[in-house]
Amino acid sequence: MLIVKPLTIPFKILMDSALLNRLPQHHSKIRFIEDDLTRRKVGFRGEQTLLYHLGFLKDDHYLIFFDLRLQFEEYFFQIDTLILTPHFILIIEVKNFSGTLIFEKHSGQFIRIYQNKEESFPNPLFQVQRHHFLLENLFKQKNLPTIPIEHIVVISNSSTYIKTPSDNLQLYEKVLHSEKIIHKIDQLSRKHSQIKLKSSSLKKISQFLLQNHIPVTPSILELFEIQREEVIKGIQCSSCKKFTMIRKHGKWSCPFCLAQSKNAHEQAILDYLLLIEPTITNKKCQDFILLSNRKIVTNLLTALNLPFSGKDRYRKYHLPPVEYFQDTI
Ligand SMILES: [Zn+2]
């Protein structure tokens, strides 16, 4: 396989973590943010599990795209994983439910039983069918080469029990555990044995998908209805966690525990970009890290190698792409 668009940590995980760290301990929204963070981490782990299994696809004619967000007319849709081959396209919706999953036949209801609790969720099969429909129409609208599209739901947790009535066993063709993904792709390759795309068309579709991916950087404060004044300013001490570090002799030092740091400002600046707004000026940075010295702040900002726009005092430093954060987790 060839990964064209790699799996990256979702921005919302970085944002949730940064926000939890910068809210007062007893803030009323903490519980919701923690729940959201857990849910997103579980989801990300599910995609990592799938990536592991896809690693067994040795052939380079499988082109893999993670987290594509596309638009057809007024509809945005996010495809967890898309596999493009010369024979067909496979859309995969990844779910990381634990417990027992029941797919009702007639009602189309989707029920999860976990820790003796029964809950109904939107049926992921309908979701992936919708993505299929939208992708097909998008391809038609843009006059892209015609290729069969297939869709499946992958349940990443291998101990999850997938249940459906005995007269609905064809469901297992569409809903499967991630360990079965290679077997499924084999089966689809046999079904679509005819080559539909030559390499120039593959390249065309591949470029189309990358160029039409619309990334979204949500405002996490708006999402949780939190005012920016509630976010704690300052440089955090990595030892005692207080936001009180001060600049002394080219270093940050903590007046409480006397810890010192050379780069404690980095997290603060990234926190601003993740939480407050996706660009920062020198002035706003001074205000956020509580250091009113334009020259030092210029040096600190420049050293971070962030993307920027504008000149001199109009310079804005931008939230870097998510790959920038890969090393920080
Ligand atoms: Zn300290």
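The values are calculated or read from the model by the stated rules, or taken from the named source; none is laboratory data. Source: prediction; values computed, not measured. Every residue, glycine as well, gets a Cβ built from its backbone with ideal geometry; the counts of neighbours run over all protein chains shown.
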Give the number of residues within region 192-218 that are within 24 Å of the chain's Cα centre (by Cα) and surrounded by 13 or more Cβ atoms within 10 Å (Cβ to Cβ). 7
Residue in region 19-43 that is farthest from residue 79 (Cα to Cα), counting only those that are of a type in the set (A, V, I, L, M, F, W, C) and touching a helix residue (DSSP H, G or I) at 6+ places or on another chain (Cβ under 9 Å): 23
Is there a residue in region 130-147 that is over 26 Å from the mean Cα position of the chain (by Cα) and either among the hydroxyl-bearing types (Ser, Thr, Tyr) or in a strand (DSSP E or B) (or both)? yes
Among (1) more than 11 Å from the chain's Cα centre (by Cα); (2) at pLDDT 95 or above, the one test that residue 25 misses: (2)
Qualifying residue in region 265-286 (condition: polar (S, T, N, Q), surrounded by fewer than 16 Cβ atoms within 10 Å (Cβ to Cβ) and either in contact with a Phe, Trp or Tyr (Cβ under 8 Å, 6 or more places away or on another chain) or not in a helix (DSSP H, G or I) (or both)): no
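Here are some residues: 36, 67. Which one is buried (at least 16 other Cβ atoms within 10 Å of the Cβ) and at positive phi? Lay out the reasoning, then the answer.
Numbers: 36 fails: at positive phi.
None of the others qualify; the one that does is 67.
Restricting to region 5-25, what's the tally of residues that are farther than 15 Å from residue 218 by Cβ and among the hydrophobic types (A, V, I, L, M, F, W, C)?
3
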Any pair with Cβ under 7 angstrom, 6 or more apart, that starts in region 231-250 at a residue that is at positive phi and ends at one that is within 8 Å of the ligand (Cβ to nearest atom): 234/244
I'd like to check something: does region 276-283 contain any residue that is within 16 Å of the ligand (Cβ to nearest atom), more than 21 Å from residue 11 (Cα to Cα) and at pLDDT 95 or above? no
For region 30-53, state whether one or more residues are among the hydroxyl-bearing types (Ser, Thr, Tyr) and closer than 30 Å to residue 229 by Cβ. yes
Residues of region 84-101 being under 21 Å from residue 157 (Cβ atoms) and among the aliphatic types (A, V, I, L, M), which ones? 90, 91, 92, 94, 101
